Amino acid sequence: MNDRPVSQITRAEATGAGHLRVGDQPDLSLRDFWRTLQHRRRTFVAAIAVCLVVALAVSLLMTPKYESVSLIEVNKDNSDILALDVLRSGVSDSLDYNMTLETQANVLRSDTLALEVAEQLGLEKRDEFSLAGAWFDADRLRAEQRLPVEKAPLRRRRILQALHKSLTVKIVPGTRMLEVRFLNRDPQLAADVVNTLVGDYLEQNFRTRYNATAQASEWLAKQLAELKSQAEQAQEAVVQYQREKGILGTDEAHNIVMAKLEELNKQLTAAEASRMLRQTVYEIAKAGNAELISTLGSSTLFGTSAPTNANPLALIQSLRAQQSELKVQYAQAATKYGVAYPRLIQIRSQLQELESAIQAEIAKLATRAENDFVAARNAEDLLRRSFERQKEEANRLNDSAVRFTIMKREAESSRELYNGLLKKLKEAGVLVGLRSTNLIVVDPARASAKPARPSYPLNLGLGLGIGLLVGFGLAFAREGLDSTIRTPQQAEAVAGLPAIGIIPELEPTRLWRRATQISDCSLLDFSSSQLAESYRALRTALLYSNGEIPPKVILVTSAQPREGKTTASLNSAITLAHQGAKVLLIDADLRRPELHTYLALASEPGLRELFAGSKEDASEPTACPQVPSLWFLPAGGRRASPAEALGSGHMRELLNGYREQFDFVVLDTPPVLAVTDAVVLSKSADGVLLVVRAAQTSEQALLRARDLLLRVNARITGVLINRANLRSADYYDSYAYRSSKFGGRYYGLS
């Protein structure tokens, strides 16, 4: 195909070349991406502007909301009032503390505290927390009005939804603080809700810890009563024995028997104290109160040899933390989805499993505490038996003195043990109010003077982001839906025809200046005109389109109206005449002739009169005085059947005569898709110039026009791209057109 003139392209080759484009699109490169944005920049910018305006309008229409913030410091809980955690487990302190922070945050989000806040502040009377305006079962709603909020599901759900929607509790990263935030239209109400919530949270924490400590103290008080009775009985026995034996001021015997007896007595006292302590833990564990058990802390009273990860107290605390988190999730999901939601069923199953696991661990803890208690009691019994044997031996040596000493030591030991535990119990009663909380309100909530919502920077930023996405989408959507021809490469890829010329689009001011000069036929009579240079390039392509022999009869047409084929015919004829050739311009558009108006010549007589057959009425071409070597034959009057006239033998004979008389004959014909005039006349032409208007002629129109011409074996010289905007993104990265543009500036072309 490269070895033949472009005018000899066959129908099969052109059709095949056109179909090579289908399904063979190159990958989208960064240059294509940028070109698309440049080409559709108005759509892109308009989408961003619309989204920004919408974001601004939404921000202006939003009700201002004020936010109040409170900070709570959560310290590590190391205040074991009763000193029951004498040995610590090996659980990581940081992990345990992080779990504590999560647990406390979930407590602040709990429904119990939310309902307490709503009741204290009377939130149900406010519109945003009430059922006013909502649709519910009227009878059920009236029945709930007589019930407290705790027993009114609809009212309770509404209050909890409104509170949790505006409440935010989060852990401040890298600190031991919890941040509590609340949004509301009333700045004072926002501060009151946060402060009330924090206050109720502190009060609940205090009550929980106080009750746990009080219960432990109650168990210890029972042991103290028994110990007090034993101490009193021991003291009375000493006094009674002293009276019976008449021992007054006798010193203990300093011998091996007495020393051993004294040592056994100390060990027995320690074993008895250990047994009582383990008995206390056993009684607490046996009660099965998980809250009370959690206050014992991580203790190895159940066996120092046990691995740290098997510590029951730490495991119970971990399970209770998971249970609290699941309860919060259950409450949130229940409020949002209802009790039949599958996730709720799963959470209930997990809660049941956790409860079973907690009870199982409590049972294990009770069993372990019981074993420790039994072991301590057995050790105490063993020491007591050893002590009794040693005491009998001492009695044999000095029955009276030794017995007195033993009784005296027993009384003193009982008294010392009683006094020590009594002191701890009294300290617990005092310290329970002083050290019962590890929470500190660092910063209480205050009414804000500036609304937190709407946030104009945030909303405008979101609007900008959405605008960018929408702009990208619309730009590429329009680009993908645009099937018009814009570049010569696109025309060649679609139609398989060579693009032999490209006519730039004039700027509005230049176009007006040129239009005022059309009447004197001097449109291209400018040596420094870029438009003239474009038509000179077209003239060169036409002259060499058929090898060494240029086409003499050139038919100019287009696919659809208003694509510039008449202007192209006129200017092509002028450029051919400028090189000294004798050129005949024929207005073959018998349906809507316009060339005579451009040339300011008469429209009759013309081609129609030649078809009449009378030599007397025949019209001869008229010379254009403004352009030497240019002759013009108008269309003449309208005919009823233009297609039959143009396709007749008379028309062929007429063109054959003009071939001998003129060097070139340029035919301006109607659009191909509008009427069939150009198709029937194309058989008599040496070459057909198909004009395509950039960004207006569709690919389908170009293909249809090409096929209609090829069906009659018309010799299509090539495609002319008319009114191409060389400043658009379509030609931004084209070296040829940029060079042409810059070269035109260099040589002073306008």
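The values are calculated or read from the model by the stated rules, or taken from the named source; none is laboratory data. This one's a predicted model, so the numbers in the text were calculated from it and none came from an experiment. FYI the Cβ positions are ideal-geometry reconstructions off the backbone, even for glycines, and counts take in every protein chain you see. When the accessible area is computed, the model is the full protein with side chains, heavy atoms only, and any ligands, DNA or RNA have been set aside. Shrake-Rupley method; radii C 1.70, N 1.55, O 1.52, S 1.80 Å.
Values for this structure:
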quantity: Subset of segment 478-503 (residues that are assigned to a helix (DSSP H, G or I) and at pLDDT below 85); calculated: Arg478, Glu479, Gly480, Leu481
quantity: For Ala290: the one exception among (1) among the small types (Gly, Ala, Ser); (2) at pLDDT 75 or above; (3) closer than 30 Å to Leu315 by Cβ; calculated: (2)
quantity: Among the residues listed as Ala685, Ala674, Ala635, Ala643, the single one being in contact (Cβ under 8 Å) with a residue 24 or more places away in the chain and under 21 Å from Ile500 (Cβ atoms); calculated: Ala685
quantity: Residues of segment 686-729 classified as assigned to a strand (DSSP E or B), of a type in the set (Gly, Ala, Ser) and open to solvent by 10 Å² or more (accessible area, probe 1.4 Å), total; calculated: 1
quantity: Pair list, Cβ < 7 Å and 6+ apart or interchain, from segment 264-280 residues that are closer than 17 Å to Lys228 by Cβ and at pLDDT below 85 to residues that are of a type in the set (Val, Ile, Thr) and part of a helix (DSSP H, G or I); calculated: none
quantity: Any chance Val470 is in a helix (DSSP H, G or I), of a type in the set (A, V, I, L, M, F, W, C) and under 17 Å from Thr43 (Cα atoms); calculated: yes
quantity: Residue count, segment 173-204 (criterion: of a type in the set (Asp, Glu) and part of a loop (DSSP other than H, G, I, E, B)); calculated: 1
quantity: Residue in segment 445-465 that is surrounded by the fewest Cβ atoms within 10 Å (Cβ to Cβ), counting only those that are in a helix (DSSP H, G or I) and touching a Leu at 6+ places or on another chain (Cβ under 9 Å); calculated: Tyr456
quantity: Cβ pairs under 8 Å, 6+ apart, first in segment 601-618 and farther than 11 Å from Gly637 by Cβ, second among the small types (Gly, Ala, Ser) and at pLDDT 75 or above; calculated: Leu610/Gly636
quantity: Every residue from segment 183-223 that is under 15 Å from Phe129 (Cβ atoms), in contact with a helix residue (DSSP H, G or I) (Cβ under 7 Å, 6 or more places away or on another chain), of a type in the set (A, V, I, L, M) and open to solvent by less than 20 Å² (accessible area, probe 1.4 Å); calculated: Val193, Leu197
quantity: Filter pass, Ala449 being at pLDDT below 85 and either touching a Ser or Thr at 6+ places or on another chain (Cβ under 6 Å) or polar (S, T, N, Q) (or both); calculated: no
quantity: Residue match in segment 637-656 (condition: open to solvent by less than 70 Å² (accessible area, probe 1.4 Å), modelled with pLDDT of 90 or more and basic (Lys, Arg)); calculated: no
